[in-house]
1. List nothing, just return the count: lysine pairs in the chain, 8 or more apart or interchain, with Cα separation under 24 Å.
2. Given R₀ = 45 Å, what would the calculated FRET efficiency be for Ile57 paired with Asp33, taking r from the Cβ atoms and rounding to 0.05?
3. Kindly put Glu130, Glu5 in sequence by how many other C-beta atoms sit within 10 Å of each C-beta, fewest to most.
4. What ranking, highest mean first, results for peptides 83-94, 117-128 when packing means the other Cβ atoms within 10 Å averaged over each residue?
5. Binning at 5 angstrom from zero up to the longest distance, how are the C-alpha pair distances of the stretch 44-166 distributed in percent?
6. With unit charges on the beta carbons (Lys and Arg positive, Asp and Glu negative) and the dipole taken about the Cα centre of the stretch 44-166, which residue among Ala47, Ala85, Trp109 sits farthest to the positive side?
7. How long are the semi-axes of the ellipsoid equivalent to the stretch 1-60, from square roots of 5 times the Cα gyration tensor eigenvalues, in whole Å, largest first?
8. Measure out, as a whole number of angstrom, how far apart the alpha-carbon centroids of the stretch 90-167 and the stretch 1-59 sit.
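Where a number appears in this text, it was derived from the coordinates with a stated rule and is not lab data. If you're wondering where the values come from, they're calculated on a predicted model, not measured in any experiment. Here Cβ is always computed from backbone atoms with ideal geometry, including for glycine, and neighbour counts include all displayed protein chains.
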Amino acid sequence: MNMKERNVWLIASALGIMAVSQIILCFFLYNQDGLESLRYVGWITLAISAVFGWMPIFTLQKKGGVPKRKSYVNTTVLVNSGIYAIVRHPQYLAGIFLSLALILIAQHWLIAVIGVAAMVLYYAGTPQEEKGCIEKFGDDYKRYMQIVPRMNLFAGIMRLLKRRKSE
C-alpha cells in the first residue's frame, strides 16, 4: 500500500469510527432536556443526509458507465447531472450532514466534539478525491470544477438554476 492509499484508508477508518461512535453515543448520551426545535432540525438534516448519501449510488450506477457487477465507484464516465449538477461530493456532504444531525438530535458536548472533528475530516478529504478525479477524467473534470461547487449546497442550487435559466 503506497502513502496515498494509506492516507485515504486512515481517513476513511477514522471517519467510520467517528460516525459509529456518534450513533452509539446518541443512545447513551441523548439529552432529554435539550431544545425540541433543534432536535426537529436535526431529524430534517438526517433525512437530507440520507438523500445525499444514497442518491449518488443510483446516479453513478445509472449514468457513470459502470461495468456490470461492479461497484458504483468504478465509473468510466464523468457524471455532471442529477445530484452531481449541484455539488461535486454529495457523499462527503452527506457525512457532514449526518454528523450535524446527530449533534442536533442528541445535544451532548461529546457528540458535538466528535461530530465537528468528523465534519472537518470529511471536508479535508475532498481535495485528495479531486486529485484522483482529475487523474481519471482530466480537463473535463477541471471544467466541471469551474461549474459545480465542491460542497456548497446553496451555491450549487443557485448555479444550477442560473444555468437552466440561461439555456
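1. So the count of such lysine pairs works out to 19.
2. Numbers: r = 38 Å, r/R0 = 0.84.
E(calc), rounded to 0.05, equals 0.75.
3. On the way: Glu130 17, Glu5 9.
The most exposed by this proxy come first: Glu5, Glu130.
4. Values: 83-94: 22.5, 117-128: 16.2.
For the peptides 83-94, 117-128, the packing ranking is 83-94, 117-128.
5. 2, 11, 18, 22, 20, 14, 8, 4, 2, 0
6. About the Cα centre, the residue reaching furthest to the positive side is Ala85.
7. On the way: eigenvalues 174, 71, 11 Å².
Whole-Å semi-axes of the equivalent ellipsoid: 30, 19, 7.
8. 14 Å
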